[in-house]
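First up is the structure itself, then whatever we jot down about it.
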Amino acid sequence: MADYSESLIKSLIKKVKDYPRFSKEEIEKFCWMAVHEYKHGALPSEYDIREIDEDLYLELLREIKSNIA
C-alpha cells in the first residue's frame, strides 16, 4: 500500500464531508467520488469507468470511517 501524506488524506476527508447530500450510509460512494476528483480533476459522470487509485480510496475510507464512528 502506498504512503499518502496526512495532509492529502485530511483534505480528501474534508472534501467528502463537504459534498452536497453527504450521507454516512453512502460513505463508500463519496470516498470514491473524492478520489476520482483528485485523480482526474473532475467529478465522475454518471457512467464514468475511469480507474482510480484503489490504495488511496481504501486509505481514505479507513480514515473517514474511524473519524466518523
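Look at (1) surrounded by 14 or more Cβ atoms within 10 Å (Cβ to Cβ); (2) not in a loop (DSSP other than H, G, I, E, B) and you find that LYS10 fails only one, number (1).
Checking every residue in region 25-34 against the condition of being part of a helix (DSSP H, G or I) and of a type in the set (Phe, Trp, Tyr) gives at least one match.
Among the residues of region 6-31, the one identified as under 9 Å from the mean Cα position of the chain (by Cα) and without any contact (Cβ under 8 Å) to a residue 12 or more places away in the chain is LYS29.
How many of the residues making up region 49-69 are in contact with a helix residue (DSSP H, G or I) (Cβ under 7 Å, 6 or more places away or on another chain), without any contact (Cβ under 8 Å) to a residue 24 or more places away in the chain and either surrounded by 12 or more Cβ atoms within 10 Å (Cβ to Cβ) or under 16 Å from TYR4 (Cβ atoms) (or both)?
Kept after step one, since they are in contact with a helix residue (DSSP H, G or I) (Cβ under 7 Å, 6 or more places away or on another chain), are these residues of region 49-69: 50, 52-53, 56-57, 59-61, 63-65, 67-68.
Remaining after also requiring without any contact (Cβ under 8 Å) to a residue 24 or more places away in the chain: 50, 52.
With either surrounded by 12 or more Cβ atoms within 10 Å (Cβ to Cβ) or under 16 Å from TYR4 (Cβ atoms) (or both) added as a condition, the list becomes 52.
Counting residues in region 49-69 that are in contact with a helix residue (DSSP H, G or I) (Cβ under 7 Å, 6 or more places away or on another chain), without any contact (Cβ under 8 Å) to a residue 24 or more places away in the chain and either surrounded by 12 or more Cβ atoms within 10 Å (Cβ to Cβ) or under 16 Å from TYR4 (Cβ atoms) (or both) gives 1.
Taking the numbered list (1) touching a residue at least 24 places away in the same chain (Cβ under 8 Å); (2) surrounded by fewer than 13 Cβ atoms within 10 Å (Cβ to Cβ); (3) within 11 Å of the chain's Cα centre (by Cα) in turn, ALA34 passes all entries but (2).
Every read-out reported here was derived from the displayed coordinates using simple, explicitly stated rules and does not represent laboratory data. It should be emphasised that the depicted structure is a prediction, and the values quoted were computed from it without experimental measurement. Cβ sites come from the backbone with ideal geometry, for glycine too, and all protein chains shown count toward neighbours.
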